[in-house]
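Worksheet: the structure to be examined is printed underneath.
The values are calculated or read from the model by the stated rules, or taken from the named source; none is laboratory data. Bear in mind that the values here come from a model prediction, so they are computed numbers and not experimental data. As a convention, Cβ positions derive from the backbone with ideal geometry for all residues, glycine included, and neighbour counts pool all protein chains shown. These accessible areas exclude ligands, DNA and RNA; they are computed on the full protein's heavy atoms, side chains included. Shrake-Rupley method; radii C 1.70, N 1.55, O 1.52, S 1.80 Å.
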Amino acid sequence: MKTKRAILTTLLLTLFVLAFSQVQLVYETNNHLEFNGMSLNGDLNVFVAKLQKQGFTIKTTSQDLVIFNAELIGKPCEMAVLGTKKTKTVYRVTILLPEATNWETLKADYTQLKKQYTEKYGTGISKEIFLAPYTEGDGNEMEAIATDKLSYSTYWKSESGTIYLGIINSKVVFVAFQDKTNKIICENEKLEK
């Protein structure tokens, strides 16, 4: 009986170590955040072409920014893909849902996305508060948003980057995927005049 337990324990520990090793190998081969199954890395134009192949349509472009028409949780929205100034390396994708006219819609969209991302990425770090004189349920939630008296946000941080979700004072829910390595490249390029 003790021999069977010892063998079983050894086998389970070996499987755990092997599984952990495989995760480490995968992590080390791709140290960039992913968006829509694509690594947030490389040339802006190449990344944009891949998004177009997935069916996204370009709304407008500038030197280091491309805005697409997109859809998230069944709603039309705008998606901005940002590249660095000098090398045009992709470092961020931001999605803006349409402006809401009431608190219930804003909160429902935020809550739905938070649930989806929590299921995919685990529990994030949240801050969901109203600041005085406002409170949830007082009927003045939209005024609280417009006057920056509300902080509703969650973020998920990993070694490869950060995913942000929040409600901003323009009365929209946003989601942003920001690659850590390429954000550093962006900051360094800003310093190189």
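Is segment 73-84 home to any residue that is small (Gly, Ala, Ser), open to solvent by 20 Å² or more (accessible area, probe 1.4 Å) and more than 30 Å from Asn188 (Cα to Cα)?
Looking through segment 73-84, at least one residue is small (Gly, Ala, Ser), open to solvent by 20 Å² or more (accessible area, probe 1.4 Å) and more than 30 Å from Asn188 (Cα to Cα).
The rows are residues; the columns are (1) touching a helix residue (DSSP H, G or I) at 6+ places or on another chain (Cβ under 9 Å); (2) among the charged types (D, E, K, R).
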| residue | (1), (2) |
| --- | --- |
| Ser158 | yes, no |
| Leu165 | yes, no |
| Ile168 | yes, no |
| Val172 | yes, no |
| Ala176 | no, no |
| Lys180 | no, yes |
| Ile184 | no, no |
| Lys190 | no, yes |
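Scan segment 69-95 residue by residue and report those that are of a type in the set (A, V, I, L, M, F, W, C) and either out of contact with any Lys or Arg (no Cβ under 6 Å at 6 or more places or on another chain) or not in a strand (DSSP E or B) (or both).
Result: Ala70, Leu72, Ile73, Cys77, Met79, Ala80, Val81, Val90, Val93, Ile95.
Inspect segment 99-106 for any residue being assigned to a helix (DSSP H, G or I), surrounded by 13 or more Cβ atoms within 10 Å (Cβ to Cβ) and of a type outside the set (Ser, Thr, Tyr) and give the result as yes or no.
Yes, some residue in segment 99-106 is assigned to a helix (DSSP H, G or I), surrounded by 13 or more Cβ atoms within 10 Å (Cβ to Cβ) and of a type outside the set (Ser, Thr, Tyr).
Can you name the residue in segment 148-172 that is within 20 Å of Leu96 (Cβ to Cβ), without any contact (Cβ under 8 Å) to a residue 40 or more places away in the chain and open to solvent by 40 Å² or more (accessible area, probe 1.4 Å) and, of all such residues, is farthest from the chain's Cα centre (by Cα)?
Asp148
Which numbered condition trips up Gln112, out of (1) over 23 Å from Asn188 (Cα atoms); (2) among the polar types (S, T, N, Q); (3) under 13 Å from the mean Cα position of the chain (by Cα)?
Here Gln112 meets the rest and fails (3).
Looking at Gly124, Gly139 in this structure, which one is open to solvent by 40 Å² or more (accessible area, probe 1.4 Å) and either touching a Phe, Trp or Tyr at 6+ places or on another chain (Cβ under 7 Å) or among the small types (Gly, Ala, Ser) (or both)?
Selected residue: Gly139, the only one of Gly124, Gly139 that is open to solvent by 40 Å² or more (accessible area, probe 1.4 Å) and either touching a Phe, Trp or Tyr at 6+ places or on another chain (Cβ under 7 Å) or among the small types (Gly, Ala, Ser) (or both).
If you go through segment 112-121, how many residues are open to solvent by 70 Å² or more (accessible area, probe 1.4 Å) and hydroxyl-bearing (Ser, Thr, Tyr)?
Selection size over segment 112-121: 1.
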